[in-house]
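J.: Below are the structure tokens for one structure; questions will follow.
The values are calculated or read from the model by the stated rules, or taken from the named source; none is laboratory data. Since the structure is predicted, the reported quantities are computational estimates derived from the model, not experimental observations. Reconstructed Cβ throughout: ideal geometry from the backbone, glycine too, with neighbour counts over all protein chains shown.
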Amino acid sequence: MVSGSYRVLVEGTATGELLRLTEPVSLWGGFEPETGLIVDLRHPQLGQSMTGAIVAMPHGRGSSSSSSVLAEALRVGTGPAGFILESPDSILVIGSLVANRLYGTVCPIVCGQLPDGSTETWAIDHNLVSRVAGHGTRPDLP
């Protein structure tokens, strides 16, 4: 388990069940903004919901259109609560910032060591990332 100070890419606070992706997912074609589900047929976590989750993954995976997909998901309420990345990703940052500017949504993005694979509730509070004590695990969603 990891907690501590992280590099802030997009400012904000969020709490959600951790969804640790074993591989990056492209939001353009690999994520359905109407449902919040991973739909990439080759992704190991096909069918998992990103809605309201703190999504932890090594980095984003193009296309540049992923920024518009993220902004749309945040607009309709099916986007993640926030991202924890090992490497910065400008495409996700742009999507989060555009959604904030246009729709007033907040989707913080921080960069640092990924939490372990547990599915407990995690919080991003500006540059601090921590597990929230006393919360259960994330149910599998269709």
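J.: Output the residues belonging to the stretch 62-91 that are within 16 Å of GLY52 (Cα to Cα), assigned to a helix (DSSP H, G or I) and either touching a residue at least 40 places away in the same chain (Cβ under 8 Å) or of a type outside the set (Gly, Ala, Ser) (or both).
T.: Of everything in the stretch 62-91, those that are within 16 Å of GLY52 (Cα to Cα), assigned to a helix (DSSP H, G or I) and either touching a residue at least 40 places away in the same chain (Cβ under 8 Å) or of a type outside the set (Gly, Ala, Ser) (or both) turn out to be VAL69, LEU70, GLU72, ALA73, LEU74, ARG75, VAL76.
J.: May I pose another question? State yes or no: is GLU72 touching a His at 6+ places or on another chain (Cβ under 8 Å) and either more than 22 Å from LEU128 (Cβ to Cβ) or aromatic (Phe, Trp, Tyr) (or both)?
T.: Criteria not met by GLU72.
J.: Hey, can you tell me all the residues within the stretch 1-19 that are surrounded by fewer than 20 Cβ atoms within 10 Å (Cβ to Cβ) and among the charged types (D, E, K, R)?
T.: If the condition is that a residue be surrounded by fewer than 20 Cβ atoms within 10 Å (Cβ to Cβ) and among the charged types (D, E, K, R), then ARG7, GLU11 are the ones that fit.
J.: Of all residues in the stretch 10-25, count the ones that are of a type outside the set (D, E, K, R) and either farther than 20 Å from GLU72 by Cβ or in a loop (DSSP other than H, G, I, E, B) (or both).
T.: The total comes to 8.
J.: Shifting gears a bit: Select from the stretch 26-58 the residues that are assigned to a loop (DSSP other than H, G, I, E, B) and within 24 Å of ARG101 (Cα to Cα) and list them in ascending order.
T.: SER26, PRO33, GLU34, THR35, GLY36, MET50, THR51, GLY52, ALA53
J.: Listed residues SER67, SER118; which is among the hydroxyl-bearing types (Ser, Thr, Tyr) and modelled with pLDDT under 95?
T.: SER118
J.: Within the stretch 67-107, can you find the residues that are of a type outside the set (Gly, Ala, Ser), farther than 16 Å from PRO24 by Cβ and crowded, with 21+ Cβ neighbours inside 10 Å?
T.: Matches in the stretch 67-107: LEU74, CYS107.
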